[in-house]
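For reference, the structure is listed below as structure tokens.
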Amino acid sequence: MTLPIVSNKIGVIADSFQAGVKEGLLKAKQVGAEGVQIYAVHGELDPDGLSAAARKEWKSYIDSLGLEVSALVGDPGGHGFQDPEQNRARIDKSKRIMELGMELGTNIITTHIGIVPADSSSRIYETMHNACEELSRFANEMGAYFAIETGPETAAHLRSFLDGLGTKGVAVNYDPANFVMVTGDDPVQGVYTLKDYIVHTHAKDGVKLGPVDPRDVYGEYGYEVSMDHADIAAMAESGSGFREVPLGEGSVDWPAYLRALQDIGYTGYLTIEREVGTDPEADIRKAVQFLKAFRG
């Protein structure tokens, strides 16, 4: 089978370097990335603490490196948008992050919304639907996308949820490794299932080692587990259910996956995410070269 020749730009999550945002941006440029994805829920790019002048300074610095912002991370954490008592604040924060993204040159905000329940008549499903319906309208009106990261549920179930929102302001940040590691869904076939919604992708790889309850990874309202980002990273590095591994060393069929993205006409970023490992910079550098090999 001949390898696909791709022209997608290559991005890196700046925070994956574990070195602070400015240093992460500089390292992204040094390893050969063309774009960056940056966390904006808290920390240096939290919109609640950014003045107009600070926003312009960040935009200027990113531009000076010759980088684009592929997306911002707007993940609220915990169980996403499943708790009606927390949703008002989370929805409003998500809107502010979308506005910041537009100022920094991207119309894509990625997120986890929580696990979409199998029962569409359940209260949690209704709560998530109402939150996403509002965010979808808001994003659609400003020409932006609030992109759900794949992984907690199958592609077909996520597609069904998205189809019910009415507008496509809520879209998909496609992560093939999450399908491999958690649900066991086919990441290649999932591209075709979600083709109408994919606006951003993560370049990540992994292997599944045993049974995984998605609630133990992503949390669920009323389910007694509290996972933060560090807990999930530890699970991906040394847990019994799955492993995140360097790009090309896991179960994602990259030639078939990249060909599927070509087939649906996806021209956006392949953004490298590395959440584990003792030398993420070395892994990211190798990942950039791995993806560039598909450019022929």
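The values are calculated or read from the model by the stated rules, or taken from the named source; none is laboratory data. Quick caveat, the model's predicted, so the values are computed rather than measured. A quick note on method: Cβ atoms are made from the backbone with ideal geometry, for glycine too, and the neighbour counts reach across all protein chains shown.
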>> So if I check each of GLY105, GLY184, GLY164, which one is among the small types (Gly, Ala, Ser), more than 17 Å from the chain's Cα centre (by Cα), surrounded by fewer than 23 Cβ atoms within 10 Å (Cβ to Cβ) and under 22 Å from TYR257 (Cα atoms)?
In response: GLY184
>> For the condition modelled with pLDDT of 95 or more and more than 30 Å from HIS129 (Cα to Cα), what is the one hit in ALA52, ALA71?
In response: ALA52
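Name the single residue that is surrounded by the fewest Cβ atoms within 10 Å (Cβ to Cβ) among those in the range 149-161 being among the charged types (D, E, K, R) and out of contact with any strand residue (DSSP E or B) (no Cβ under 7 Å at 6 or more places or on another chain).
Among residues in the range 149-161 that are among the charged types (D, E, K, R) and out of contact with any strand residue (DSSP E or B) (no Cβ under 7 Å at 6 or more places or on another chain), the one surrounded by the fewest Cβ atoms within 10 Å (Cβ to Cβ) is ARG159.
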>> What's the total number of residues in the range 116-148 that are touching a helix residue (DSSP H, G or I) at 6+ places or on another chain (Cβ under 7 Å), of a type outside the set (A, V, I, L, M, F, W, C) and either crowded, with 17+ Cβ neighbours inside 10 Å or touching a residue at least 12 places away in the same chain (Cβ under 8 Å) (or both)?
In response: 4
> Out of the range 67-86, which residues are out of contact with any Leu (no Cβ under 7 Å at 6 or more places or on another chain), over 15 Å from ALA40 (Cα atoms) and buried (at least 21 other Cβ atoms within 10 Å of the Cβ)?
Replying inline: HIS79, GLY80, PHE81, GLN82
>> Restricting to the range 1-41, and then to whatever is over 20 Å from ARG55 (Cα atoms) and β-branched (Val, Ile, Thr), can you tell me which residue is surrounded by the most Cβ atoms within 10 Å (Cβ to Cβ)?
In response: VAL12
>> For the range 260-279, give me each residue that is in contact (Cβ under 8 Å) with a residue 60 or more places away in the chain and either closer than 19 Å to GLU149 by Cβ or surrounded by 19 or more Cβ atoms within 10 Å (Cβ to Cβ) (or both).
In response: ALA260, LEU261, ILE264, TYR266, GLY268, TYR269, LEU270, THR271, ILE272, GLU273, ARG274, GLU275
> What are the residues in the range 172-200 that are within 13 Å of ILE264 (Cβ to Cβ) and among the aliphatic types (A, V, I, L, M), if any?
Replying inline: VAL172, VAL188, VAL191, LEU194, ILE198, VAL199
> Which of the residues that make up the range 144-163 are within 21 Å of ILE264 (Cβ to Cβ) and not hydrophobic (A, V, I, L, M, F, W, C)?
Replying inline: TYR145, GLU149, THR150, GLY151, GLU153, THR154, HIS157, ARG159, SER160, ASP163
> Restricting attention to the range 283-296, does a residue exist that is closer than 20 Å to LEU72 by Cα and surrounded by 15 or more Cβ atoms within 10 Å (Cβ to Cβ)?
Replying inline: yes
>> I'd like to verify a number: residues in the range 39-73 that are closer than 28 Å to THR150 by Cβ and in contact with a Gly (Cβ under 8 Å, 6 or more places away or on another chain), how many?
In response: 10
>> Tell me whether the range 227-237 contains one or more residues that are modelled with pLDDT under 95, over 14 Å from PRO176 (Cβ atoms) and part of a loop (DSSP other than H, G, I, E, B).
In response: yes
